[in-house]
Amino acid sequence: MSSGWNWVINALYIPLGICSLGVSGGLVQSCGYIIPESPVLTLGSSFTALCILNESCLDFGNIHANQIIWKIKNSVVPKEQYHVINRTVSRVTFSDTSTLATPLTCNILADGQIEQNIYGIAVTLGLPPEKPENLTCIVHQKSKREYIMTCTWNPGRHTFLPIDFHLKSEWALGALPDCKPQGVNNSCSTDDVQFFVNLEVWVEAKNALGMAESEHIDFDPVDIVKPLPPHKLLVSSAEQPAFLKLSWENQIREVEMELKFNIRYRISDSSDWMEIPPEDTASPRTSFTVQSLKPYTEYVFSLRCMKKDGKGYWSDWSEEKSGVTSEAKPSKGPPLWRKITSHSPNSWTVHLMWQELNRSEANGKILRYDVTVKAKPPLSRRLDKYSVNSTNLTLNLTNGTYEVAVTAHNRIGGSPRSVLLIPASNSKASVKDLKAFPKDGMLWVEWTPPNSNITKYVIEWCLVSDSSDCITEWQQELGTSQGAFLKGDIKPFKCYLITVHPLYNNSQGNGQSTKAYLQQKPPAKGPTVQTKKVGKAEAVLIWKPLTVDEQNGFIRYYTILYKTISGNETAVNVDPSKTEYTLSSLSSDTLYMVQMKAYNDNGSTSGPVFTFTTQKFGKGEIEAIVVPVCLAFLLTILLAVLFCFNKRDLIKKHIWPNVPDPSKSNIAQWSPQTPTKHNFSSKDQMYPERSFTDVSVVEIEVDDKKSFSEQDLKAFSVPKKEKNTSEGHSSGIGGSSCMSSPRQSVSDSDESESTQNTSSTVQYSTVVLNGYRDQIPSAQVFSRSESTQPLLDAEEKPEDNPGGGDSATPQQQYFKQNCSQAESNIDVSHFERAKQVTSPVNEEDLVGLAQLQISGHSSQLCASGPEKNKCEPTLAGALPPSSEGHIPRLETMGLHTATVDEIPQSYMPQTVRQGGYMPQ
Amino acid sequence: FVNFLSPINCNNLLSSSSPLSQQEVAVKIKQTHNLTVLLKQCSEQLLAEYVHHQGEPFNSPDFNPPAMAVPGLPSPPVPPETWLALSDGERLWHLAKAYAVLPGLLGSMWRQQVELNPLASELHQQLEAAARQCRGLAGNLGSIMGSLGVPRPPPPSPVLGTAPASTFLIKLSGYHMCRLHQDWATRSHDALVLLGTKYPL
């Protein structure tokens, strides 16, 4: 509202004493004036002003009051508000002063319509003061003899004008000096305070528009005093343990005022004040003894005072002082409990434990605990007494019923006994319907008592965690209680195992347990799921249950969420006790994503996503295909084998015809002496002469089957005998190969092999000519196959015969020889001469040449004289061990080779001749 | 403050007195009694404080000059033993007469002590308070007398006494003033106690 009145003008407008018309003698003279001068007007009232022209000015020009124009600031006041009283006076009337502003000017229109200002006034607008209300006074004590009386009032509305408030006071004898507020308008303080003399007080408010006076109040200042609080408070112990004596000084003289008091006190570590009954402290005093306090307790006191008859005000509370009551006997025994561990069938370790008495029960400093253990019949153990400083005691006892009692002692005396019965067995009923849940920010345990004979309950609890053991805490409750808050540092999000044991007069009941959380939050993590087995349409999921520390609450269920890449998610709820679940009705050969959520009462947490792909074929499908196929295959094989077996003669005839074995022929039995001789000679001779590419041995008749390997030796001996004895029968295989191989190919005689090899016992021998291109007559090397396959002599017969039917050919089957000798008959003749062996047929020479060319890679065992010795053992090694009968013959052969010195010499020229061959 | 020390206008006393009920008279008597208790104690303290600040011989324990009249202050009409033998009206009359001038005299004394002992602020305060208390008591007595219909004493005549010539005489005059103040305080207390018994609350 006050802002709305801002237009109110307090500025002083300097009247314009201008008279341009009447300037004479250099003096400026006013031509008129306004009545009233600088009025202070009440807002909303009416106002009339007169402008009076000076007579002297009238003479200067032809001016008249009807030429007067009134203006507020620069705006002309409407003519309707004017009234010309006579030639010199114009009156203007405002029905509402709210429209007024400073300056209000009187102007005149002189000749030529020139507006001349005559006079102006400042207008001040405001309101008269309101009657001050709610005048109240209070006397504050400042010191023992100093008082200040302060009166306050409601000054009323703002008047927009300077206003003076005066606090008036008057005695019976007359007025007292006024009190003038300093800097405020609603209170005033004076130190002229006289008690026991009535004072009449009122407030006067005065401004330019008026004066207002509050109601008068009449009082004796002593009745409105707020005294200083008592000081120098002392607390001292009294004779009685439960008493404390307070003493203090009052700061107000008793001749001025009698006091009453309030005394409040509290236990030092509490914030709840207690108060001495006011009627006990209603009389003047400087001391008081507080009773019914707890022993050995620190109390804090403070007090306040006021006039005894209740007139005036309470003082502030005094400063606080504390005192400690003296000690007394402990008021109750310590709560007692036990933990029993049994390590042998008839003995216990009993851990007795008791709790420290709280301050209010200990009534002093506990110095020791006395423990008595009394065995009950049938045990006959005497009474044991212990005195301990700690709050536990471990005893080894034999099984039985014991009565344990503990008393706490302080300097004054001992507490009542705390008795705990340790029965041989817990025979009484347990509590029922045990529940534990958070309540009022704590963990509340409640139960239904089994009956009414319970003396007390012991509640044990411990924090269940993976990382630490269950450290048991406990508390005792009255036998009448059916619930209790756990008095301990119960942490949120932790699982507590709570056990309630009912204690009876002469027995105990078994403890009942439950688990509870003070507060739950979503699990720390979700279960990590994975597949145990994946099939075509189902998958077996397994997961590890969350540990207690991860659960953060009671896991109510798990949810398995699974979906394909594009498909909808499917959720399955699973009981938390399960650790495995089978997803069924899955699509085959599909990628699935599966995830598990663990839900507790407060929310859920998801585990990681696991992906798996279902199989294309179901279990047994592959087997169903593969097994019949295999069986069919086996059957086919079997049939084929049976067929072959049945037709083996026919097959043999076609594929594996019987080939007569020359060694088994009757001819080989002839003249065993000479052939041997010939054999050696021919063999020696054949070394240089022949080599074989392929040799096949074919069973000729059942008799010959005795040993294929024997052919080796037979090749040495028998054919040579044959050669010597009967050239017509000698095997011509070596010759045939020598004949055929050059014709067929240089590298190998496959054809001859195909024609001759009818059994697996084919012996290959390959001779490679090293210096074919560069014509280097390097040492010609005979390579002999290490194959152990016997040579086939007889098969070559048909070919040998045309070749000359040389008896030396069988030997050539064994020793691959440089055929170059065949190429140059001269060399052959040399050999023949040296060895006295009949020279091979020309054709054989040719074969030998071919063989020489082929068998470059073959071993050079027999190529040089010194190596000859090696040749024989190798040869011997090549002999099948089954041919025992041949070994002696082999030795004799080796003996022969060793004894014949010419043989190396005969070899050497071969290499030379070889070089001679190359140009060919 | 000057008001407390100015002579009491008896017209005020008369005009401000209005008839009070029996209960109101009892309350007023009780209140005045409380004031006399305070006054009595204060007057004793004032005497002690005064002699403390005046030096020898005033502060010696055995300083006990014979009683002397203070110019302008009515001396007790009767010895203390017979004070209570007077009628209530007489006692009130005498009290009213004495307390009509006491504030002015105490005011003079305050001015003298401000000059003589400018640092004795406690004494100044007590003198100031004593003058105020006497003025208040005069007002209360006037109310009681008006209610009880006790005739009032004539207004005090202006004090014509000449100012003491020497400082010692000023101090001695002050000493007697304090003694008389204490005496009148005791008498007023006794009178009010007696009056209070007659007008119990």
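How charged is the neighbourhood of A:ASN250? Take every other residue with its Cβ under 13 Å from the Cβ of A:ASN250, and add Lys/Arg as +1 and Asp/Glu as -1. Around A:ASN250, the charge tally is +4. Given axes a ≥ b ≥ c from the Cα gyration tensor, I'd like to know whether chain B is rounded (a/c under 1.5), prolate (a/b larger than b/c) or oblate. Judged from the Cα gyration tensor, chain B comes out prolate (a/c at least 1.5, a/b above b/c). Sorting A:591-603, A:277-289, B:118-130 by average packing, meaning the other beta carbons within 10 Å per residue, from highest down gives A:591-603, B:118-130, A:277-289.
For peptide A:195-201, the mean count of partner chain Cβ atoms within 10 Å of a residue's Cβ comes to 6. Taking the C-alpha atoms only, the angle from helix B:121-148 to the longest principal axis of chain B is near 20 degrees. Taking amide H as placed 1.01 Å from N in the peptide plane, A:LEU41 has its amide H under 5 Å from the amide H of A:THR124, A:LEU125, A:GLY126, each at least 5 places away in sequence or on another chain.
Structure shown: which of A:LYS376/A:LYS439; A:LYS168/B:LYS30; A:LYS376/A:LYS432; A:LYS385/A:LYS428 lie over 32 Å apart, alpha-carbon to alpha-carbon? The pairs that break the limit, which is 32 Å between Cα atoms, are A:LYS376/A:LYS439. Note on B:137-143: average number of Cβ atoms from other chains within 10 Å of each residue's Cβ is 4. Sequence-ordered 3J(HN,Hα) estimates for the range A:309-320 from the Karplus curve with 6.51, -1.76 and 1.60 and θ = phi - 60° stand at 7, x, 8, x, 10, 5, 6, 5, 6, 6, 4, 8 Hz, glycine and proline given as x. Relative protection proxy for A:151-160, A:383-392, B:134-143, from highest mean packing down: B:134-143, A:151-160, A:383-392 (other beta-carbon atoms within 10 angstrom).
Placing a label point 7 Å from the Cα of A:LYS311 along the Cα-to-Cβ direction, the residues of the range A:178-200 whose backbone N falls under 17 Å from that point are A:193-200. Annotation for the range B:177-201 versus the range A:196-268: alpha-carbon center distance of 26 Å. In sequence order, the range A:117-131 has phi-based couplings of 7, 9, 6, x, 10, 8, 10, 10, 10, x, 10, x, x, 8, 6 Hz under the Karplus curve 6.51 cos²θ - 1.76 cosθ + 1.60, θ = phi - 60°, and Gly or Pro positions carry x. All other residues whose Cβ lies under 12 angstrom from that of B:TYR199 are scored, Lys and Arg at +1 and Asp and Glu at -1, for a net of +1.
Across the range A:117-242, the mean sequence separation of Cα contacts (distance under 8 Å, 6 or more residues apart), normalised by length, yields a relative contact order of 29 percent. From the largest down, the range A:529-613 spans 39, 23, 17 angstrom on the principal axes of its Cα atoms.
The mean sequence distance of close C-alpha pairs (under 8 Å, at least 6 residues apart), as a share of the length of the range A:432-517, puts its relative contact order at 34 percent.
Mean partner shielding of peptide A:163-173, defined as the number of other chain Cβ atoms within 10 Å of each residue Cβ, is 4. Whole-Hz Karplus values for the range A:458-464 come out as 10, 9, 9, 8, 7, 7, 8 Hz, taken residue by residue from phi with 6.51 cos²θ - 1.76 cosθ + 1.60 and θ = phi - 60°; glycine and proline positions read x.
Sort out for me the Cα centre separation of the range B:34-86 from the range A:118-191, rounded to whole Å. Rounded to whole Å, the Cα centres lie 40 Å apart. Working from the Cα coordinates of the range A:336-422, the gyration tensor eigenvalues give, after taking √(5λ), semi-axes of 26, 13, 10 Å in decreasing order.
Net charge within 9 Å of B:GLN126 by Cβ-Cβ distance, Lys/Arg positive one each and Asp/Glu negative one each, not counting B:GLN126 itself? It works out to a net charge of -2. Heavy-atom accessible surface of A:ILE163, to the nearest 10 Å², is about 50 Å², with a 1.4 Å probe and all protein chains retained. With the convex hull of its Cα atoms as the shape, the range A:133-224 has an orientation-averaged projected area of 6.1 nm². The slack between A:ALA238 and A:THR136, meaning 0.36 nm per residue of separation minus the straight C-alpha distance, is 32.3 nm.
The protection proxy used here, the mean number of other Cβ atoms lying within 10 Å of each residue, ranks peptides A:404-412, A:339-347 as follows, highest first: A:404-412, A:339-347. Helices in chain B, meaning DSSP H runs of at least 4 residues, each add -39500 (n - 2.57). Divided by all residues, the mean residue ellipticity at 222 nm is -23500 deg cm²/dmol.
The values are calculated or read from the model by the stated rules, or taken from the named source; none is laboratory data. The structure presented is a predicted model; accordingly, all values stated were derived computationally and were not measured. For neighbour counting, all protein chains shown are included, and Cβ atoms are generated from backbone atoms with ideal geometry for every residue, glycine included. Remember, those area values only see protein heavy atoms, side chains included, never the ligands or the DNA or RNA. Shrake-Rupley method; radii C 1.70, N 1.55, O 1.52, S 1.80 Å.
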